[in-house]
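Computed from the coordinates by the stated procedures, all read-outs in this text should not be read as laboratory data. All values derive from a computational prediction rather than experimental measurement. Cβ placement follows ideal geometry from the backbone for every residue including glycine, while neighbour counts extend to all protein chains displayed.
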Amino acid sequence: MDVRNCISCGKPFIFVRVNLCPDCQAAEEEKYERVRVYLRDNPGSSLDETVKNTGVSREDELKMCRTGRIECGIGSSSYLNCIRCGTPIATGSYCAECALDILSKIQDVKEKVAEEIKPGNNRDRNRMYTRPKL
Ligand SMILES: [Zn+2]
Ligand SMILES: [Zn+2]
C-alpha cells in the first residue's frame with residue numbers, strides 16, 4: 001500500500017495514480033467538469049470569460065490547459081489577449097494588427113511634432129503677423 005500526503009490538502013491517502021486524496025480529486029474533477037461543460041457550450045471562450053462563468057480559478061484552468069485536459073486554441077496556451085481589441089495572441093500585449101496601427105499612429109505623432117518644431121515654421125498661415133515696415 002502506498003500512502004502519501006495529498007499535494008492539495010496534505011491529508012494522507014492511498015496513492016493510486018494522482019497525488020491527490022479522493023476528496024481533492026473529486027473537487028478537481030468537479031471543477032474540470034464545470035469548465036468542460038462550459039467550453040462545450042461556449043467554444044472559443046477566453047480564459048477570463050471561462051473564469052467568470054464557471055467560478056473556477058484562472059490558475060486551475062491554466063493547469064487544466066497545461067495538462068491538456070481542456071482544449072487550448074490559438075494563443076490560449078498562454079491565454080493572452082490583445083489589450084486593445086481582445087484578439088487572442090501568443091505573445092506580447094497587442095495583436096499584429098493593433099501593433100501596426102499603434103506603430104503608425106506613433107509615426108504620425110512623430111511627424112507632426114517634427115513638423116511643429118521645424119525651424120521657421122512658427123509663422124502659421126492661420127495667424128496674422130505684422131509685416132516688417134518697408
Ligand atoms: Zn486532499
Ligand atoms: Zn488587437
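Could you list which residues have their amide H under 5 Å from that of Asn81, counting only those 5 or more apart in sequence or on another chain, with H placed in the peptide plane?
Result for Asn81 returns Ile89.
How far, in nm, would the chain grow between Asn5 and Ile83 when pulled straight, counting 0.36 nm per residue and subtracting the alpha carbon separation? Spell out each step's value before the answer.
Numbers: separation 78, 0.36 × 78 = 28.08 nm, distance 4.13 nm.
Between Asn5 and Ile83, full extension yields 24.0 nm more.
Can you work out the Karplus-derived ³J(HN,Hα) for every residue in segment 52-59? Use 6.51 cos²θ - 1.76 cosθ + 1.60 with θ = phi - 60°, whole Hz, and x for glycine or proline.
For segment 52-59, the Karplus curve yields 5, 8, 9, x, 8, 5, 3, 4 Hz.
With r defined as the distance between the Cβ atoms of Asp101 and Arg69 and R0 fixed at 41 Å, what FRET efficiency is calculated, to the nearest 0.05? Display every interim value, and only then the final one.
Working: r = 36 Å, r/R0 = 0.89.
Efficiency computed from Cβ-Cβ geometry: 0.65.
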